[in-house]
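Quick notes on the structure that follows.
The values are calculated or read from the model by the stated rules, or taken from the named source; none is laboratory data. Keep in mind the model is a prediction, meaning the values are calculated, not measured. Glycine also receives a Cβ, built like all others from the backbone with ideal geometry; neighbour counts cover every protein chain displayed. Remember, those area values only see protein heavy atoms, side chains included, never the ligands or the DNA or RNA. Shrake-Rupley method; radii C 1.70, N 1.55, O 1.52, S 1.80 Å.
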Amino acid sequence: MKNTTISIAWRNIRRNKARSLVIMISVAIGVAGAVLADGFMEGMSEQRIRSAISNEISNIQIHNPQFLLNKETEFTIAGADGIVEKIKSLQEVKGISRRFITNGMASSAEAGAMVSILGISPDTESQVSSLSQHIVGGKYLAEAQRLPVFIGEKLSKKLNLNIDDKLILTFTNRDGEITSGAFNITGIYKTTNDNFDKTEVFVKNDELKRLAGYPSGTVNEIAILLKSNELTSSTVRKLDGLLAPQIKEGKLIVQSWKELAPVVKSMSDTMNFFSMLFLMVILIALAFAIINTMLMSIMERTREFGMLTALGMNKRKIFEMILSETLFLSIFGAAAGLILSALGIQYFSAAGFDLSSVAGGMNSIGYDSVIYPDVKFTFYATAMAMVIIIAVLSSLWPAAKAMRLRPAEAIRENE
Amino acid sequence: MSIIKAEGIFKTYNETSVPVHALNGVDLEINNGEFMAIVGPSGCGKTTLLNITGGLDLPDKGKIFIDGTNLGGLSSKELIDFRLHNIGFVFQASNLIPVLTVKENIEFIMMLQNRPKAERDGKVEELLNAVGIIGKADYKPGQLSGGQQQRVAVARALATNPRYIIADEPTANLDSASTRELLDLMAEMNEKYGTTFVFATHDQRVMDRAKRIVTLEDGKITGDKTISK
């Protein structure tokens with residue numbers, strides 16, 4: 001009997017093709033809109049996380065806890081070589097870079113700006129950072145050249161400097177005295193984060209330490225890139241175990257990118273929240289459209305429901321029939337919407353969605369102006385599950401109306 | 001032996017500001033195998049009485065028994081189930097399910113009774129033959145004439161092997177030829193299966209064929225005569 005109820009429901013859907021099509025298209029557009037919106041938000045968020053990991057902070061960083069409090073160069077990592085050897089033993093690790101960092105002033109003849117000066121070894125740094133792939137002028141730090149500096153495009157424009165120009169970096173040395181060096185701009189990079197491009201300058205590790213008066217083995221930061229971002233939390237736990245003695249003594253702290261860049265993490269969480277909220281709002285609006293359609297359908301078929309009840313169709317079967325009709329309308333609409341959105345996501349994830357017209361605004365908050373949407377399977381599944389739930393809920397009112405009909409009156413309706 | 005017994009039936013409709021007293025103390029017994037018409041002017045309570053005797057409505061006061069079962073003592077679910085297994089219906093407009101074929105319309109009611117497929121198929125074929133529309137089994141109701149639709153409705157009413165069929169103005173929308181054919185068919189079914197038929201009608205052609213005529217006026221029975229033919 002259940003098959004017959006479903007069969008009648010399916011035929012009823014085809015009975016008023018135009019109306020069924022309109023509601024299915026509405027569901028399809030709503031679901032596609034929600035999925036595409038999630039794709040863009042998820043894509044933006046993932047791109048920001050990838051950019052932050054690959055260009056700015058890597059997956060994991062190790063510091064002297066004091067260094068994180070006031071960024072003083074003197075707070076170094078004791079026994080950095082031994083720590084690096086331990087890290088190398090982890091198979092999750094793709095690259096490790098030792099950094100020497102100080103804050104200072106970058107200036108040209110025309111202007112100045114506060115910057116973070118990162119002393120790096122170009123070979124090991126390129127294992128953890130993809131900045132060398134974001135060069136818009138010149139080249140990465142050249143080993144052979146003396147006092148090379150690699151700066152962001154935003155900073156170069158602010159200071160009105162270009163390749164081969166001199167950049168004066170002024171900072172405090174180990175004795176607390178102001179010292180400076182005239183560095184040669186060998187390369188200019190551009191990431192999707194204007195703020196990073198304005199404030200981070202890269203020089204060779206040994207040259208910075210020599211100018212600052214620190215021995216060559218001094219390290220403030222160990223940056224670790226993993227083979228996959230999914231491995232971050234488990235690797236942090238492993239490192240906490242490997243470096244437990246130093247961590248207990250308060251000499252070291254191991255942090256993931258989520259702790260180092262909480263804004264990136266919270267933006268990602270916020271976008272996920274808004275994706276779900278958007279989906280909910282769309283589905284609630286669709287629920288009323290579905291309810292309206294089903295109520296109209298039931299009003300038009302009052303006599304038919306009266307006749308069915310008179311003949312002996314019980315309320316449960318009438319409910320099943322209305323629920324089936326609602327589910328057909330919703331599921332077919334949602335499936336079409338999901339297919340449509342999957343095709344859209346596939347296209348834009350390859351071609352990118354160009355928001356160059358608002359690139360300034362996007363880059364100023366760290367986001368790329370070309371978005372490559374990305375939708376996780378769980379969102380498709382969630383959207384479908386929610387459509388089914390909404391369809392079930394939407395069928396309750398029309399079903400209750402149909403079940404409340406009194407056969408004697410319903411049969412004579414419109415006579 | 002009576003199949004239906006109505007005792008002191010009162011029914012008032014309060015849907016408008018002025019209450020409408022549709023039935024005012026009706027007592028009626030209908031015997032097994034009768035071919036009976038309830039007649040009277042519009043608004044006299046014919047349909048109300050028919051609905052009450054068919055378990056589609058319940059009286060405000062009084063009792064209605066079908067085969068000894070007091071319908072007032074049944075729950076809504078039990079009443080639906082009782083109708084399914086005991087009563088057949090033919091309405092003024094055929095009220096077939098428009099999305100189902102003729103065959104499916106007849107089979108549908110047997111599926112509600114959870115009867116096995118083989119039994120359903122056999123019964124559908126028997127009824128299609130009996131009502132003379134075997135060639136239209138795969139037609140949708142919209143493809144049939146009014147008379148043919150009413151034949152399907154009769155077949156559907158008979159599908160559950162009810163002892164009692166109520167028919168509310170079954171010929172109202174039919175031409176003379178179709179009316180004659182439909183009444184012939186129902187009379188034949190009455191003879192063949194011993195099924196009790198009760199009509200609510202103001203159609204003289206139906207009255208002419210009825211073996212008993214109960215007249216209602218202002219919600220009361222004012223006449224009850226058996227016609228020997």
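Does the stretch A:146-155 contain at least one residue that is open to solvent by less than 30 Å² (accessible area, probe 1.4 Å), modelled with pLDDT of 95 or more and either in contact with a helix residue (DSSP H, G or I) (Cβ under 6 Å, 6 or more places away or on another chain) or in a loop (DSSP other than H, G, I, E, B) (or both)?
Yes: one or more hits.
Taking the stretch A:64-77, which residues are open to solvent by 30 Å² or more (accessible area, probe 1.4 Å) and in contact (Cβ under 8 Å) with a residue 12 or more places away in the chain? Quick ask: steps written out before the conclusion?
Narrowing the stretch A:64-77 to residues open to solvent by 30 Å² or more (accessible area, probe 1.4 Å): A:65-66, A:68-72, A:74-76.
A:65, A:68, A:71, A:74, A:75, A:76, listed by residue number.
Somewhere in the stretch A:292-308, is a residue under 20 Å from residue A:31 (Cα atoms), away from chain B (no Cβ under 14 Å) and open to solvent by less than 70 Å² (accessible area, probe 1.4 Å)?
yes
Within the stretch A:157-199, how many residues are among the charged types (D, E, K, R) and touching a Phe, Trp or Tyr at 6+ places or on another chain (Cβ under 9 Å)?
3
Within the stretch B:89-132, how many residues turn out to be touching a helix residue (DSSP H, G or I) at 6+ places or on another chain (Cβ under 7 Å), without any contact (Cβ under 8 Å) to a residue 24 or more places away in the chain and of a type in the set (D, E, K, R)?
Residues meeting the conditions: 1.
Return the residues of the stretch B:130-144 that are exposed (fewer than 15 other Cβ atoms within 10 Å of the Cβ) and in a loop (DSSP other than H, G, I, E, B); say none if nothing qualifies.
B:132, B:138 - these are the residues of the stretch B:130-144 that are exposed (fewer than 15 other Cβ atoms within 10 Å of the Cβ) and in a loop (DSSP other than H, G, I, E, B).
In the stretch A:119-132, which residues are within 14 Å of residue A:220 (Cβ to Cβ) and either among the β-branched types (Val, Ile, Thr) or open to solvent by 10 Å² or more (accessible area, probe 1.4 Å) (or both)?
Within the stretch A:119-132, A:120, A:121 meet the criteria.
With in a strand (DSSP E or B), modelled with pLDDT of 90 or more, closer than 21 Å to residue B:102 by Cβ and within 16 Å of the chain's Cα centre (by Cα) as the only criterion, which of B:157, B:167 stands out?
Sole residue among the options that is in a strand (DSSP E or B), modelled with pLDDT of 90 or more, closer than 21 Å to residue B:102 by Cβ and within 16 Å of the chain's Cα centre (by Cα): B:167.
Tell me, please, whether a residue that is within 11 Å of chain A (Cβ to nearest Cβ) and under 19 Å from the mean Cα position of the chain (by Cα) can be found in the stretch B:30-48.
yes
If you scan the stretch A:51-91, which residues turn out to be in a helix (DSSP H, G or I) and aliphatic (A, V, I, L, M)? Give the derivation first.
Let us first name the residues in the stretch A:51-91 that are in a helix (DSSP H, G or I), namely A:51-57, A:65-70, A:80-88.
Passing the criteria: A:52, A:53, A:57, A:68, A:69, A:80, A:83, A:84, A:87.
Within the stretch B:85-105, how many residues turn out to be farther than 17 Å from residue B:128 by Cα and touching a Ser or Thr at 6+ places or on another chain (Cβ under 7 Å)?
1
Does residue A:27 fit the bill of being farther than 22 Å from residue A:248 by Cα, in a helix (DSSP H, G or I), in contact with a Gly (Cβ under 7 Å, 6 or more places away or on another chain) and open to solvent by less than 70 Å² (accessible area, probe 1.4 Å)?
In short, yes.
For every residue, the table says whether it meets (1) of a type in the set (Asp, Glu); (2) open to solvent by 30 Å² or more (accessible area, probe 1.4 Å).
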position: A:38; (1), (2): yes, no
position: A:44; (1), (2): no, yes
position: A:49; (1), (2): no, no
position: A:52; (1), (2): no, no
position: A:62; (1), (2): no, no
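For the stretch A:356-415, which positions are in contact with a Gly (Cβ under 7 Å, 6 or more places away or on another chain), in a loop (DSSP other than H, G, I, E, B), away from chain B (no Cβ under 14 Å) and open to solvent by less than 50 Å² (accessible area, probe 1.4 Å)?
Hits for the stretch A:356-415 are A:373, A:375.
If you go through the stretch A:299-306 one residue at a time, do you hit one that is under 30 Å from residue B:85 (Cβ atoms), of a type in the set (Gly, Ala, Ser) and assigned to a helix (DSSP H, G or I)?
Yes - at least one qualifying residue is present in the stretch A:299-306.
What number of residues within the stretch A:227-256 are under 16 Å from residue A:86 (Cα atoms), small (Gly, Ala, Ser) and part of a loop (DSSP other than H, G, I, E, B)?
0
Can you tell me which residues in the stretch A:333-355 are crowded, with 17+ Cβ neighbours inside 10 Å and in a helix (DSSP H, G or I)? Reasoning before the result, please.
Residues of the stretch A:333-355 that are crowded, with 17+ Cβ neighbours inside 10 Å, as a first pass: A:333-334, A:336-338, A:340-341, A:344-345, A:348, A:353.
Scanning the stretch A:333-355 gives A:333, A:334, A:336, A:337, A:338, A:340, A:341, A:344, A:345, A:348.
(1) surrounded by 19 or more Cβ atoms within 10 Å (Cβ to Cβ); (2) of a type outside the set (Asp, Glu); (3) more than 13 Å from chain A (Cβ to nearest Cβ): which one isn't true of residue B:52, the others all being true?
For residue B:52, the exception is condition (3).
Looking at the stretch B:96-108 only, could you name the residues that are within 9 Å of chain A (Cβ to nearest Cβ) and open to solvent by 20 Å² or more (accessible area, probe 1.4 Å)?
Scanning the stretch B:96-108 gives B:98, B:104.
Just one of (1) touching a Leu at 6+ places or on another chain (Cβ under 8 Å); (2) within 14 Å of chain A (Cβ to nearest Cβ) trips up residue B:131, so point out which.
(2)
Just name the residue that is nearest to residue B:166 (Cα to Cα) out of those in the stretch B:83-95 that are open to solvent by less than 30 Å² (accessible area, probe 1.4 Å) and part of a helix (DSSP H, G or I).
Among them, the one singled out is B:83.
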